[in-house]
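For reference, the structure is listed below as C-alpha cells.
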Amino acid sequence: MALYSEKVMSHFRNPRNVGIIEDADGVGEVGNAKCGDIMKIYLKIDNDTVTDVKFETFGCASAIASSSMATEMIKGKKLSEVLEVTNQAVAEALDGLPAHKMHCSVLAEEAIKSALKDYYDKNSIQYDEKLFANCNSCEHCGV
Amino acid sequence: MKVYADNAATTKMSKAAIESMLPYFDEVYGNPSSLYSEGQKAKEVLTSAREKIASLLGCEPREITFTSGGSEADNQAIVSGARLGARKGKKHIISTKIEHHAVLHTLQSLEKEGFEVTLLDVKPDGIVDTQELKNAIREDTCLVTVMYANNEIGTIQPIKEIGAICKEKGILFHTDAVQAVGHIKINVKEENIDMLSLSAHKFHGPKGIGVLYADKKIPLSNIIYGGAQERGKRAGTENVPSIVGMKTALEEALLNVEENSRYILKLRDRLIEGLGKIPHSILNGDAQKRLPSNVNFCFEGIEGESLLLLLDDKGISASSGSACTSGSLDPSHVLLAIGRPHEIAHGSLRLSLSEQTTEQEVEYIIKSVIEVVEYLRSISPVWRDLVTGKNKFILK
C-alpha cells in the first residue's frame, strides 16, 4: 500500500489555492522550520464569510495536502462554520493520513484559526479565547 | 524516463549473480551439514565461495562468517569486541556520530549494559579527525568502530590510518564497510582492519546475505545460537544460493571496479556541478573524499519528502534525510553532525548512482531537480521570507 491516499497525492500534486493575498484581512502562520513544517494562510473576509483564501506551505506532502484541503473546506464558508473545521475533518476529507502525519492536519486547523484570530484582532471583534488554543493538541515538535 | 538513483539503498541484481544462484535452489539443494553426497556437494560450493570472498578481501577463508547482512555483521562485530574487552575489564568503545543505526543502536544497547561509548564528531567535510580519535583513546578502550564510507553523504574515512592507530594501542578495530565493498578496492590486512561488515545487495548481489570478516585472533561472540555452522559462531543452515550470488556479484564488481568507478565518478561530478548551480544549495560531505556514486545536497527553503515524491512523479527514485522520510522528528543525524541546522537538513536529497546510470539520466535528474526545487520554493513561506529579506539566507 502506498504511504498516502490518492486524495492526499492529488492535493499534493495539484494544491488548490496556493499563493498569497496582498490585502488579506487575516494572516496566520504556524509551525517551525526546525520541525520541518510551516503553514501560512491568507484570508479575505466579507460579510462574515471567507470570500477568498490562499496558502503557502513548507513541509512534506501531507502538510501541503492538508493545507490545500483545509482551504477548500473553508472557502465561501461563514466564519462560524470555519471555526468548526477540525483537524480530524481535514484528515478525513483526505481519506486519512498516516498516524505520524496527523500533526499536519493539526497544523492546518491551527493555521486557519490563527488567520481568523488575526482578522478578529485587527478589527477589534470580540471572540472566545478558548476557540484558539494554540498548539496544545499536538506534541509533534515537543515544544 | 525511469531513473533509479538510490543505489546506496539497494541495487539491481546482476544477471550473472542471479544465474549463478539458480542451480542451488533445485539442483544442488542439500544441506551443507548433511553427510551424504548431496549435502557435501553444497558444502563444497560453500567452501569455494568462502575462499573466493576471502581472497577478494585479502584474508583467510576461516576469517569469513556469513551473516544475514550488514546489520547482523555490525551487531556481531561490536558485541564481540565489547565482550572481549569486558573480560579484561575494558569497557570503553569509540565510534563516530555519523555511523549507521546498525552500529549506533548496538552501541546504545551496550551502554545499557554498562559500557561507555564516545562518539567522535566529524569535521564539516564529514571526515573523522584522527587526532581526535587519538585523544579519545583511554586505558580501558577495547574497540573502535568507524564506518568505511558514509551511507548518506558518501564520505570515505581514513581507515588505514585509524587501523594503524588502533593496532599500535592494541585496540580492536571494526569498520562497517557496507557502502564501500564492491565500490572501492579493500584489503583488510593491508588496511589494518580487524573486523569488517559487508552486505551483498549494495553491490548487485542478493538481499539478506552479508559477511563479517574477523581476524582469526578474535573469538567471536554468538548472537544467534543453535548449530555448528560458521565454526559454531553463527547458527542456521547456510543460505547457499545467496552466498553464491554474493560471491559472483563481488567478483564481478571488483573485476570492473576501476573502470566502473572512473565512469561513475564522471557522472557524479557532472551531477554535483549541475545541482550546485541551484542558488542557496550546498553539497554535503567532502567533494573528493567521497564514494564515486554519492551525491548529497541541501536546498534551502524546501522540505525533502515533498522533493522526493515530486521526483518520483518524474520517474526518479532518490532518498532524503528529512525527518518526514524517516518517520522520526529529527532530520538526519549525519547532516546534523556535519553542522547543518535542522531547517537546512530537512531539505536534503541523496542521489546514488551506479555503472548502469547514463549521462542522459544524469542530465534528466539535474533538469528535474531544478524544476521541483523551484516549484517547491514558489509555494514555501520560508522561501518567501528569505527572498523578501525578512529572514537571512543560511546557504550562499
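Computed from the coordinates by the stated procedures, all read-outs in this text should not be read as laboratory data. Here the structure is a predicted model, which is why all the values come from computation and not from measurement. With ideal geometry, Cβ positions are generated from the backbone for all residues, glycine too; neighbour counts draw on all protein chains shown.
Other residues whose C-beta falls under 15 angstrom from the C-beta of residue B:100 contribute a net charge of -2, scoring Lys and Arg +1 and Asp and Glu -1. Of the trypsin sites (Lys or Arg not before Pro) found in segment B:1-55, those in coil by DSSP whose Cβ has at most 13 other Cβ atoms within 10 Å are B:2, B:12. GNM on chain B, C-alpha springs below 10 Å: top fluctuator among B:88, B:185, B:207? Its mean-square fluctuation being the largest, the pick is B:88. Projecting the Cα positions of A:105, A:132, A:60 onto the charge dipole of segment A:6-132 (unit charges on Cβ atoms of Lys, Arg, Asp and Glu, taken about the Cα centre) puts A:60 furthest along the positive direction. State log₁₀ I(q)/I(0) for chain B at q = 0.10, 0.13, 0.14 Å⁻¹ as given by the Debye formula over alpha-carbon point scatterers of equal weight, solvent excluded. Rounded to two decimals, the profile gives -0.68, -1.08, -1.21. Within a Cβ distance under 13 Å of residue B:388, other residues only, what is the Lys/Arg minus Asp/Glu net charge? Neighbour charge sum, excluding residue B:388 itself: +2.
Within the listed set B:54, B:345, B:235, the residue fluctuating most in the Gaussian network model of chain B (springs between alpha-carbon atoms under 10 angstrom) is B:235. Which distance in nm do the two modelled labels at residue B:40 and residue B:189 give, with both placed 7 Å along the Cα-to-Cβ direction? Rounded to a tenth, the inter-label distance reads 3.1 nm.
Please identify which residues in segment A:51-90 have an amide N closer than 16 Å to a label point set 7 Å out from the Cα of residue A:3, following the Cα→Cβ vector. So the set is A:58-66.
Convex hull volume of the Cα atoms in segment A:6-132, per residue, in Å³?
Details: hull volume 12.5 nm³, N = 127.
Given the Cα convex hull of segment A:6-132, per-residue volume reads 98 Å³.
Once you reduce segment B:262-296 and segment A:9-79 to the center of their Cα atoms, the two points are 36 Å from each other. Structure note, pairs A:7/A:78; B:12/B:277; B:43/B:202; B:167/B:247; B:88/B:216: Cα-Cα distances above 27 angstrom occur for B:12/B:277; B:167/B:247.
Counting other Cβ atoms within 10 Å of each Cβ, which GluC sites (Glu not before Pro) in segment B:25-124 have at most 13 and sit in a DSSP loop? Show your work: numbers first, answer last.
Working: sites: B:27, B:38, B:44, B:51, B:63, B:72, B:99, B:111, B:113, B:116; in loops: B:27, B:99, B:113.
Answer in residue order: B:27, B:113.
How much length would be gained if the chain were fully extended between residue A:32 and residue A:120, taking 0.36 nm per residue of separation minus their Cα-Cα distance, in nm to one decimal?
Numbers: separation 88, 0.36 × 88 = 31.68 nm, distance 2.36 nm.
So the extension gain works out to 29.3 nm.
Taking chymotrypsin sites (Phe, Trp or Tyr not before Pro) as exposed when their DSSP state is a loop state and no more than 13 other Cβ atoms lie within 10 Å, the longest site-free interval of chain B runs over B:37-224. Extending 7 Å from Cα along the Cβ direction at residue B:221 and again at residue B:266 yields two label points whose distance is 4.9 nm.
Put the Cα centre of segment B:1-47 next to the Cα centre of segment B:98-129 and the gap is 34 Å. The share of C-alpha pairs in the protein assembly as shown whose separation exceeds 46 Å stands at 24 percent. Projected label points at residue B:112 and residue B:2, each 7 Å from Cα along the beta carbon direction, are separated by 4.2 nanometres. Largest GNM mean-square fluctuation among B:237, B:118, B:145, using chain B with Cα springs under 10 Å: B:237.
Considering helices alone, the calculated mean residue ellipticity of the protein assembly as shown at 222 nm is -12500 deg cm²/dmol, with DSSP H runs of length four and up weighted by -39500 (n - 2.57) and normalised per residue.
Can you classify segment A:1-73 as rounded, prolate or oblate using the Cα gyration tensor, where a ≥ b ≥ c are the square roots of its eigenvalues, rounded means a/c under 1.5, and otherwise it's prolate if a/b beats b/c and oblate if not?
On the way: a/c = 2.82, a/b = 1.55, b/c = 1.82.
It comes out oblate by the Cα gyration axes.
Among DSSP beta bridges lying fully in the protein assembly as shown, give the percent that are antiparallel, nearest 5.
Antiparallel: roughly 65 percent of the beta bridges in the protein assembly as shown.
What the Cβ-Cβ distance of residue B:51 and residue B:259 gives, at R0 = 22 Å and to the nearest 0.05, is a FRET efficiency of 0.30.
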